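See structure below.
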Amino acid sequence: MIAHLPDVQLGYDDQGDGVPVLFLHGFPHDRGLWNAQRLSLASEARCIVPDLRGFGQSSTHGPFSVDQYADDAAALLDHLGIAQAVVCGLSMGGYVAMAFWRRHEARVRALVLCDTRAGADSDEARARRDTMIAQARREGAGAIAEAMLPGMVGAETRARRGDVVAGLRAMMSRQPTAGIVGALQALRDRPDSRRTLGTISVPTLVVVGDEDTLTPTSEARAIAEALPPAARVRLEIIAGAGHVPCVERPSATTHALADFLRTLA
């Protein structure tokens, strides 16, 4: 489906009944990242799964920032008549989820932060973003997919799940170059969210693959430890998964999400 919003067109899926859950994908993905969860959770949740600006079927024009992505997601909820949702983001989507909390706190029923970190980029990381921006402009999405793929999945997936690796390569390779460049700029310039964690007052689930090298378990533990008692934090470490456990270990990830959603009833 396509939502024609005042400033942007967003591709999205809307499936299921129950508590609304807004799923936000990572970089450089599209909404297909969450297909397994959308299909499996539809019997107990209303799964709203957009392509962020610049990806999938969404508009490729700016502005690009984590705040803009969050505002786009809020506009989609307005379009669908949804006042409040569980906001679930992976990696870049986790940064957007934290921005969503800062900007639209009253609309957040609960949070799920997957394979992400709260801190801003270091100077070295910003320089790597700039190098990747130049590569994307010069060589296109396929080159970015090949550069990202080694860190995207865990050793278990690389050894045993060639289908998953191939599917992720195809997903990343088909993203618009303009969206990739805009997202890299947004990631490079995003604010530090560590103070944001201390303000979170809704139930929060933190998920991470135990083989994640991009945002390792130490980052997930740091998020969990920084959350206040009001967040009633739960930490789930998904065995045999890297940076995208929702694709690498879909059943285990869905089980963790379903258990969390039931605590909200």
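Across all directions, the average projected area of the convex hull around the alpha carbons of the chain is 12.2 nm².
A protection proxy built from the mean count of other Cβ atoms within 10 Å ranks the segments 163-174, 181-192, most packed first, as 181-192, 163-174. Taking every DSSP beta bridge that has both ends in segment 2-263, the antiparallel portion is near 25%. With θ taken as phi - 60° and the Karplus curve 6.51 cos²θ - 1.76 cosθ + 1.60 applied, the whole-hertz 3J(HN,Hα) list for segment 119-128 is x, 6, 5, 6, 4, 5, 5, 4, 5, 5 Hz, x standing for glycine and proline. The listed peptides 116-125, 17-26, ordered by packing as a protection proxy, come out as 17-26, 116-125 (highest mean of other Cβ atoms within 10 Å first). Sorted on the mean count of surrounding Cβ atoms within 10 Å across their residues, most packed first, peptides 221-230, 91-100 read 91-100, 221-230.
Annotation: amide H-H contacts under 5 Å for Ile238 (H modelled 1.01 Å from N, sequence separation of 5 or more, or interchain): Val208, Gly209, Asp210. Only DSSP H runs of four or more residues enter the estimate; each adds -39500 (n - 2.57), and after division by the residues of the chain the mean residue ellipticity at 222 nm equals -14000 deg cm²/dmol.
We did not get these values from a lab; they are worked out from the coordinates using the rules stated. Nothing here was measured: the structure is a model prediction, and the numbers come from that model. Positions of Cβ are backbone-derived with ideal geometry, glycine not excepted, and every protein chain shown enters the neighbour counts.
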